[in-house]
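Worksheet: one structure, shown below.
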Amino acid sequence: MKKISLIALGLVAGLSAVAQPNVVKEAEGLVKGKKFDQALETVKPALTDPSTMNTAKPWYLVGKANLGIWDDVQVRSITPGAAQPTPEELAAASRALVEAYNAYVKAMPLDQLPDEKGKVKPKHTKEMRKSIGENYRSYLNAGLNLYNVQDYPGAYAAWDLYVNLPNDENADPKAFVADADSTVGEIAYYQALAAFFNKDFENALNKVQKAIGLGYEAKNVYLVGLEAADATKTTAAASEFARKGNVKYGADDISFLAGIINSELAKDNYPACYEAIGESFSVAANDSIKSLLYNVKAIVNEREGKIEDAKSNLSESIKLAPQNAKSYFDMGRLIQNEVAAMEDTADDATRLNVLVPKIKDAISYYEKSYELDDTQSSLPQYIYRLYYGLDQNYHLGQEYADKAEYWKNM
């Protein structure tokens, strides 16, 4: 009985060895008949069977079928009267294009193995290398398709082929002309965005650096670089992006200055903060930017304990840009903090003649800030508590009780 079982097992193994080449041949016929999805399903067993998985033909057919899927969708998209592919269909075709590249890369070394006579006679390598090169810009478009459906890893992978193809030995360099470095740099930046949205901050940082190295230095490149550097706690890179970004774009955007200030405040390096702010003032494009700079300077003053200087700078900020809601808020906050520091030890005369006017001033600044920007969801509660204090703690009358109730319900 054992002998029969062993014979049967050997027969099954032998049938399998014959079956897989037949599967490959069937898949080849399906590819020629443009039945690409069927071909991919048919050839699948040959990709894992020991008798065929280390031969070039199954992987070549996988690449060929996937390219057919991509090409069919592209033809539909430019054919008048044809049903236009949906974003999901474009994305599926784009994934097929990337899979075609991967399959060809798997097939090429197998296609160059010596035959039984020891001779190397590649059958498909030339075609595969040419096809990879010819799809240079297709990889760019595939990345866009995948990005549009928020497949960020897929977009990153497709764009990686485009960005690196000029140095890819798997591509025939005669089959395409590489784009200018600045164009490639822009796509590297898109890769950084895709990585960032996928929370792959390390690769986002790497691609920002590549984009800048290729000469693509739009403002958003530096902004994304700052975010990625902060996420990876790469302080040297964050400092570099902040300083370079501030030199290029600081005249009309203080985002980069904020990065510098945060870095220097972490070290209590106040002179460096003021120096950076001074440099930004020298190139500030307009009063609105100068107003923001005065606000930043006030924050540094406050951190250093120079409250009167902070209030003075906030006054300058408001004078230059009366619509700057943040400066009104910060002024109210500083005054409220002053009151809180004095309230427990103040005598009655001080409470009435000093603290009450300060509280009213704080309220005025807060109310103006909220008038300018009513998205500050916690601010009404600040105002409510101050009015409530004037009613309950200072006994200023019903008017303040009514105002407290009004802001409580905001």
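The values are calculated or read from the model by the stated rules, or taken from the named source; none is laboratory data. The shown structure was predicted, so the numbers you read here are calculated from the model rather than taken from an experiment. Note that we place each Cβ from the backbone using ideal geometry, even for glycine, and neighbour counts take in every protein chain shown. Keep in mind that these areas ignore ligands, DNA and RNA; they rest on the heavy atoms of the full protein, side chains included. Shrake-Rupley method; radii C 1.70, N 1.55, O 1.52, S 1.80 Å.
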Residue list for region 365-376, restricted to those being loosely packed, with under 15 Cβ neighbours inside 10 Å and either modelled with pLDDT under 95 or over 32 Å from the mean Cα position of the chain (by Cα) (or both) = Glu371
May I ask you to list the residues in region 275-296 that are under 20 Å from Ser239 (Cβ atoms) and surrounded by 18 or more Cβ atoms within 10 Å (Cβ to Cβ)?
-> Ala276, Ile277, Ser280, Leu293, Val296
What are the residue pairs meeting all of these: first residue in region 264-293, first residue farther than 19 Å from Asp253 by Cβ and in a helix (DSSP H, G or I), second residue modelled with pLDDT under 95 and charged (D, E, K, R), Cβ atoms under 7 Å, and 6 or more apart or on different chains?
-> Ala272/Glu264
Options Lys311, Lys244; residue that is in contact (Cβ under 8 Å) with a residue 12 or more places away in the chain, part of a helix (DSSP H, G or I) and farther than 30 Å from Glu367 by Cα | Lys244
Going through region 342-358 one residue at a time, which ones are open to solvent by 70 Å² or more (accessible area, probe 1.4 Å) and either among the small types (Gly, Ala, Ser) or part of a helix (DSSP H, G or I) (or both)?
-> Asp348, Leu352, Asn353
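Looking at region 377-410 only, could you name the residues that are in a helix (DSSP H, G or I), hydroxyl-bearing (Ser, Thr, Tyr) and over 36 Å from the mean Cα position of the chain (by Cα)?
As a first pass, look at region 377-410 and keep what is in a helix (DSSP H, G or I): 379-392, 398-408.
Filter once more, keeping what is hydroxyl-bearing (Ser, Thr, Tyr): 382, 384, 387-388, 400, 406.
Passing the criteria: Tyr384, Tyr387, Tyr388, Tyr400, Tyr406.
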All positions within region 41-55 that are open to solvent by less than 40 Å² (accessible area, probe 1.4 Å) and either at positive phi or under 38 Å from the mean Cα position of the chain (by Cα) (or both) = Val43, Leu47
Which of the residues belonging to region 235-246 are among the hydroxyl-bearing types (Ser, Thr, Tyr) and either under 20 Å from Gly215 (Cα atoms) or surrounded by 18 or more Cβ atoms within 10 Å (Cβ to Cβ) (or both)?
-> Ser239
Can you name every residue in region 386-401 that is surrounded by 12 or more Cβ atoms within 10 Å (Cβ to Cβ) and either over 19 Å from Tyr365 (Cβ atoms) or free of Cβ contacts under 8 Å to residues at least 12 places away in the same chain (or both)?
-> Asp391, Gln392, Asn393, Ala401
Out of region 125-162, which residues are open to solvent by 30 Å² or more (accessible area, probe 1.4 Å) and over 14 Å from Tyr190 (Cα atoms)?
-> Lys126, Glu127, Arg129, Lys130, Glu134, Arg137, Val149
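Checking the condition in a helix (DSSP H, G or I), touching an Asp or Glu at 6+ places or on another chain (Cβ under 9 Å) and either hydrophobic (A, V, I, L, M, F, W, C) or in contact (Cβ under 8 Å) with a residue 40 or more places away in the chain (or both), which residue from Ala211, Ala237 passes? Steps first, please.
On the way: Ala237 fails: touching an Asp or Glu at 6+ places or on another chain (Cβ under 9 Å).
After applying the criteria, what remains is Ala211.
Looking only at region 163-202, filter to residues that are part of a helix (DSSP H, G or I) and of a type in the set (S, T, N, Q); which one of those is most open to solvent (accessible area, probe 1.4 Å)?
Quick first cut of region 163-202, residues part of a helix (DSSP H, G or I) only: 163-167, 173-175, 181-197, 201-202.
Subsequent filtering for residues that are of a type in the set (S, T, N, Q) retains 164, 167, 182-183, 191.
Working: Asn164: 60, Asn167: 144, Ser182: 60, Thr183: 54, Gln191: 0 Å².
The selected residue is Asn167.
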All but one of (1) open to solvent by 60 Å² or more (accessible area, probe 1.4 Å); (2) under 27 Å from Ala242 (Cα atoms); (3) not in a helix (DSSP H, G or I) hold for Leu113; which doesn't?
-> (2)
Quick one: in region 249-274, which of the residues that are of a type in the set (D, E, K, R) and under 16 Å from Arg303 (Cα atoms) is most open to solvent (accessible area, probe 1.4 Å)?
-> Lys267
Exclusive hit being farther than 28 Å from Leu390 by Cβ and of a type in the set (Phe, Trp, Tyr), set Tyr328, Tyr365, Tyr274 = Tyr274
Would you check if Phe201 is aromatic (Phe, Trp, Tyr) and out of contact with any Leu (no Cβ under 8 Å at 6 or more places or on another chain)?
-> yes
Give the residue that is nearest to Ser263 (Cα to Cα), with candidates limited to residues of region 215-234 that are open to solvent by 70 Å² or more (accessible area, probe 1.4 Å) and part of a helix (DSSP H, G or I).
-> Asp230
Exactly one condition in (1) out of contact with any Gly (no Cβ under 9 Å at 6 or more places or on another chain); (2) open to solvent by 40 Å² or more (accessible area, probe 1.4 Å); (3) under 27 Å from Lys123 (Cα atoms) is not met by Lys34; state its number.
-> (1)
Scope region 82-110; condition surrounded by fewer than 14 Cβ atoms within 10 Å (Cβ to Cβ) and among the hydroxyl-bearing types (Ser, Thr, Tyr); matching residues | Thr86
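Does Val339 satisfy the condition of being touching a residue at least 40 places away in the same chain (Cβ under 8 Å) and either more than 18 Å from Tyr406 (Cβ to Cβ) or surrounded by 20 or more Cβ atoms within 10 Å (Cβ to Cβ) (or both)? Explain how you work it out, then say what you get.
Working: touching a residue at least 40 places away in the same chain (Cβ under 8 Å): no; either more than 18 Å from Tyr406 (Cβ to Cβ) or surrounded by 20 or more Cβ atoms within 10 Å (Cβ to Cβ) (or both): yes.
For Val339, the condition - touching a residue at least 40 places away in the same chain (Cβ under 8 Å) and either more than 18 Å from Tyr406 (Cβ to Cβ) or surrounded by 20 or more Cβ atoms within 10 Å (Cβ to Cβ) (or both) - is not met.
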